[in-house]
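Working notes, beginning with the structure itself.
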Amino acid sequence: MIAAVVDPSVLVSAFIGRPDAAPGRLVNAWREERFTMVVCPLLLDELAQVLARPKFARWAADDRGTAYVAAFAARSAHHPDPTIQTAIVRDPKDDYLVALARAANADVLVSIDNDLLEAPVDDVTTCRPEILLNRLAGGLGHDRLARGLNPRKTAGNHRHQAHVLVPEAPANQHLPPAHRCCLKIVVSPVRVRVSPSSKDAANRHHPLAAIPPESERQRARL
């Protein structure tokens, strides 16, 4: 089972955001025991302190915030607070998350913070929640999770951009047949763009492509 360190910012987004958004779906996947969450006292303390801020009061009222933190404390893999040897992340307060991922030998560090996603680390795989969700759905092999999702670990690409092909199944079964295997995701710290790799190729694979135009069918009947 995948072991993941999840940035408290992702957990906060799941708490106050839509349940169908990527952070909410990731927390739901954790509840379904589809991956193991790795925590330490510092991570849980940060989550509790953020949810205690006045701007989150309407979501965290009636001890809902406390219960939310307690759920992660009760059902996650616990590690001691890691030792931080050198500053890595632009925001030094996030260095402990990289150190925790290393100390726990976690498979991935999940964040929505570009300071973490762009951190110059070679031994920790970082990605956004939707990427791990895709992996949990069987869309990407573990080697591609390690090689293709951290922009700084993708050989041959720009340091701030990684290209990952959408797999055929099961992750894109909901897509129209014309677009399966014909898409390319461009992942960057600032935006995600999905575009057909070839309009002509998509049209050739479309199930209606084999049907001749009406004019030809009329000539055939004559």
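The values are calculated or read from the model by the stated rules, or taken from the named source; none is laboratory data. Since this is a predicted model, take the numbers as computed values, not measurements. Virtual Cβ from ideal backbone geometry, glycine too; neighbours counted across all protein chains shown.
When you scan the stretch 107-121, do you find a residue that is in the same structural domain as GLU33 (by TED's automatic domain parsing), without any contact (Cβ under 8 Å) to a residue 40 or more places away in the chain, more than 19 Å from SER13 (Cα to Cα) and crowded, with 18+ Cβ neighbours inside 10 Å, even just one? Yes, because at least one residue in the stretch 107-121 is in the same structural domain as GLU33 (by TED's automatic domain parsing), without any contact (Cβ under 8 Å) to a residue 40 or more places away in the chain, more than 19 Å from SER13 (Cα to Cα) and crowded, with 18+ Cβ neighbours inside 10 Å. For the stretch 22-32, taking the residues that are of a type outside the set (Lys, Arg) and closer than 19 Å to THR126 by Cβ, the one that is surrounded by the fewest Cβ atoms within 10 Å (Cβ to Cβ) is identified as ALA29.
Exactly one residue among PHE15, PHE35 is surrounded by 14 or more Cβ atoms within 10 Å (Cβ to Cβ), under 30 Å from GLY138 (Cα atoms) and more than 16 Å from the chain's Cα centre (by Cα), and that residue is PHE15. Would you confirm, using the coordinates I've provided, whether MET37 is part of a loop (DSSP other than H, G, I, E, B), in contact with a Ser or Thr (Cβ under 6 Å, 6 or more places away or on another chain) and aliphatic (A, V, I, L, M)? When the stated conditions are applied, MET37 does not pass them.
A count restricted to the stretch 50-64 and to residues that are within 24 Å of the chain's Cα centre (by Cα) and not hydrophobic (A, V, I, L, M, F, W, C) stands at 0. Across the stretch 72-84, a minimum of one residue is classified as farther than 26 Å from GLY138 by Cα and part of a helix (DSSP H, G or I).
If we scan the stretch 48-70, do we find a residue that is part of a helix (DSSP H, G or I), more than 17 Å from ILE16 (Cα to Cα), in the same structural domain as ASP7 (by TED's automatic domain parsing) and at pLDDT 95 or above? Spell out how you get there, then give the answer.
Residues of the stretch 48-70 that are part of a helix (DSSP H, G or I), as a first pass: 48-51, 54-60, 64-70.
Then keep just the ones that are more than 17 Å from ILE16 (Cα to Cα); that gives none.
Within the stretch 48-70 (the criterion being part of a helix (DSSP H, G or I), more than 17 Å from ILE16 (Cα to Cα), in the same structural domain as ASP7 (by TED's automatic domain parsing) and at pLDDT 95 or above), the answer is no, since none of the residues qualifies.
In the stretch 61-86, the residue that is surrounded by the fewest Cβ atoms within 10 Å (Cβ to Cβ) out of those that are within 18 Å of LEU11 (Cβ to Cβ) and among the β-branched types (Val, Ile, Thr) is THR66.
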